[in-house]
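> Submitted below is the structure of interest, expressed as structure tokens.
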Amino acid sequence: MILLAAAWIVPLLLIGGYALDRVLTTAITRNFDSQLDLALTAMIAAADVGPAGEVRFTRPLGDQRFFEPQSGLYWQVSTPGQDAFRSRSLWDRSLVPDLTRDCRNLCRSNSKRFKDEPLRVVERDQSLPGDKTRFHFMVAQSTADLDAQVRSLRSTLLTALSILGLGLLFLAGLQSTYGLSPLRRVSRAIAAIRSGTATRVPDDFPREISPLVAELNELLAHNEEQAEAARRHAGNLAHALKTPMSVLIGEARGQGGELADTVTAQTAIMRRHVDHHLARARAVGRRAASASRAEVWPALEGVARTIARINVDRDVVIDLDGNKTLAFRGERQDLEEMLGNLLENAALYGSGRVFVTVGGDKQMVELLIEDDGPGIPLEERERLFERGARLDTAMPGTGLGLAIVRDVAEIYGGTVSLGESEDLGGLAVTLRLPAAA
């Protein structure tokens, strides 16, 4: 908007400035010429013919500059065959008339007769009473004063138009800034919703923006309804599937035998797959709401206590360190789901020592989970993210833990990567998640 304002303000000021310059310069030049015309008229009115046919003045001309040598104002009367009658101000110089030029009505011209002194010349051919001789009257004046006036005019005009242009551009910028400020407020309100500090855009906006704000809030409400419907559907599906699978596991354990063991193991895998997909469905639904916030440290402490209790017979020790003030932009249940899988794997495949470091910045939360296990070869690390992939089949599990973590993290815009622990020598898992304000 500021550029558009400049695109019409600058050309219009240039055109207007040029027009004003032409008008005012012409007016100054005309006034300058009119003064010369008056001097020429006064000179002709005071002229008379002497006894020898020469021109003489019956009264002195009023301007004192005609009597001051090289004053910049001169007159001269020329007659064919006679010496020119000149003003004292010309001193030892003379004007050069063009006697072949018809100046009965008045002639104006610029002359460079004198070095470093350009002249404006007014001429007229005039016969005096009682004599038929045509005398050539000339009045010349240095254009230094005229040029100085024009320069002063242009300087003043340039300064005034520059100030006017800057003022107009400033006002256009101020108008644009003030006029677009509601849209910046909308942007900040949406950023607050994304960071989890607000759930709706405030409605205290000008009436031009109010329809947009209303539509945004309606869209947020609709998304929340869709997310809630997805969560309800996920819960209903979980209840519908888990109950029959629990019955199957119970019946199989009661029967005993190879078939029962197979049914129990496969039903457990089915249950884990259901948990995996339900976790994804819940995360997608919660992510759609985009207004959740979860403190990282309390969630991490809770998960660490739970994992330590489950593995009390293995004497698992989980040490926590790092920033205790960071928050995750998402649901706490999803954060605990990811942390639970990672800490469970670290406790299960390590020798009992797990170290968790919390760090990050305003944009991302970074959690580093290290264990003292055997680690994972570089070429095998990416394969672990595949559903059902397991390197140690002797240990219990379904191979879905890391896949669940990666899926849920990516839904929220995060990442998970595997490396080698420098302190404990085992696997190092880095989980990066978006931070809440």
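> Between Ala221 and Leu180, what's the calculated FRET efficiency when r is the beta-carbon distance and R0 is 25 Å? Round to 0.05.
In this case the efficiency is close to 0.40.
> In whole Hz, with x marking every Gly and Pro, tabulate ³J(HN,Hα) for the stretch 131-147 from phi via Karplus 6.51 cos²θ - 1.76 cosθ + 1.60, θ = phi - 60°.
Result, rounded to whole Hz: 8, 8, 5, 9, 8, 10, 8, 9, 10, 10, 9, 4, 8, 4, 5, 4, 5.
> How would Ser155, Ser78 line up from fewest to most surrounding beta-carbon atoms within 10 angstrom?
Ranking Ser155, Ser78 by Cβ neighbours within 10 Å, fewest first, gives Ser155, Ser78.
> How far is helix 258-289 tilted, in degrees, relative to the longest principal axis of the Cα atoms in the chain, given as a value from 0 to 90 rounded to the nearest 10?
Tilt relative to the chain: about 20 degrees.
> Going by how many other Cβ atoms sit within 10 Å of their own, how do Leu348, Leu161 line up, fewest first? Walk me through the numbers before you get to the answer.
Details: Leu348 19, Leu161 16.
In order of increasing Cβ crowding within 10 Å: Leu161, Leu348.
> Report the extension gain between Thr243 and Arg188 in nm, rounded to one decimal, defined as 0.36 nm multiplied by the number of residues separating them, less their alpha carbon distance. Walk me through the intermediate numbers first.
Working: separation 55, 0.36 × 55 = 19.80 nm, distance 4.62 nm.
Roughly 15.2 nm would be gained on extension.
> I would also like to ask the following. Work out how much length Leu259 to Asp204 would gain on full extension: take 0.36 nm times their residue separation and subtract the Cα-Cα distance, in nm to one decimal.
Working: separation 55, 0.36 × 55 = 19.80 nm, distance 6.74 nm.
Value of the extension gain: 13.1 nm.
> Mind ordering 308-315, 89-96 by average Cβ neighbours within 10 Å, highest first?
The most tightly packed comes first, giving 89-96, 308-315.
> Would you mind checking the radius of gyration and Dmax of the stretch 2-149 based on alpha-carbon positions, in Å?
According to the Cα coordinates of the stretch 2-149, Rg and Dmax are 20.0, 78 Å.
> Check which residues have an amide H placed less than 5 Å from Asp372's amide H, if you skip close sequence neighbours.
So Asp372 has HN proximity to Ser351, Gly352, Arg353.
> May I pose another question? Around Phe135, which amide H atoms from residues at least 5 apart in sequence, or from another chain, sit under 5 Å from its own amide H, with H modelled in the peptide plane?
Placed amide hydrogens put Gln126, Ser127, Leu128 under 5 Å from Phe135.
> Can you give the extra length, in nm with one decimal, that the chain gains between Arg93 and Phe170 once fully stretched, where that is 0.36 nm per residue apart less the Cα-Cα distance?
Difference between extended and current length: 22.1 nm.
> Then there is this: Give me the distance in nm between label points sitting 7 Å out from Cα along the Cα-to-Cβ direction at Glu380 and Thr58, one decimal.
13.1
> Can you compute 3J(HN,Hα) from phi for each residue in the stretch 408-424, using the Karplus curve 6.51 cos²θ - 1.76 cosθ + 1.60 with θ = phi - 60°, rounded to whole Hz and x for Gly and Pro?
Values per residue, Gly and Pro as x: 5, 4, 5, 4, 8, x, x, 9, 9, 9, 10, x, 10, 6, 6, 8, 9 Hz.
> Under a point spin-label approximation (7 Å from Cα along Cα-to-Cβ), what is the Arg293-Leu106 distance to one decimal in nm?
8.5
> Let me ask something else about it. Using only the C-alpha atoms of the stretch 63-168, find the volume of their convex hull and express it per residue in Å³.
Looking at the stretch 63-168, the number lands at 153 Å³ per residue.
> Oh, and also: Mind listing the phi-derived Karplus ³J(HN,Hα) values for the stretch 245-250, rounded to whole Hz, using 6.51, -1.76 and 1.60 with θ = phi - 60°, and x for any glycine or proline?
Taking θ as phi minus 60°, the curve returns 5, 4, 4, 4, 5, x Hz for the stretch 245-250.
> Now, a different point. Inverting the mean 1/r over all pairs of different Cα atoms, compute the Kirkwood radius of the chain and quote it in Å.
Answer for the chain: a Kirkwood hydrodynamic radius of 31.5 Å.
> Then there is this: Return P(r) of the stretch 128-286 (all Cα-Cα pairs; 10 Å bins starting at 0; whole %; ordered from short to long distances).
Pairs per bin, as whole percents: 8, 15, 12, 11, 10, 9, 8, 6, 5, 5, 3, 3, 2, 1, 1, 0.
> Report the percentage of all Cα-Cα pairs in the stretch 292-437 whose separation exceeds 24 Å, rounded to a whole percent.
25
> Between Ala45 and Leu13, what is the label-to-label distance in nm when each label sits 7 Å out along the Cα-to-Cβ direction?
Label-label distance for Ala45 and Leu13, simple model: 4.7 nm.
> Could I ask something else about it? Take the Cβ-Cβ distance between Gln82 and Ile28 as r, set R0 to 45 Å, and report the resulting FRET efficiency rounded to the nearest 0.05.
0.80
> Starting with the fewest neighbours, write out Tyr18, Tyr349 ranked by other beta-carbon atoms found within 10 Å of each beta-carbon.
Ordered by Cβ neighbours within 10 Å, fewest first: Tyr18, Tyr349.
Rule-based calculations on the coordinates, nothing more; no lab input. The model shown is predicted, which means the values in this text are computed figures rather than measured ones. Every residue, glycine among them, receives a Cβ derived from its backbone with ideal geometry; neighbour counts consider all protein chains shown.
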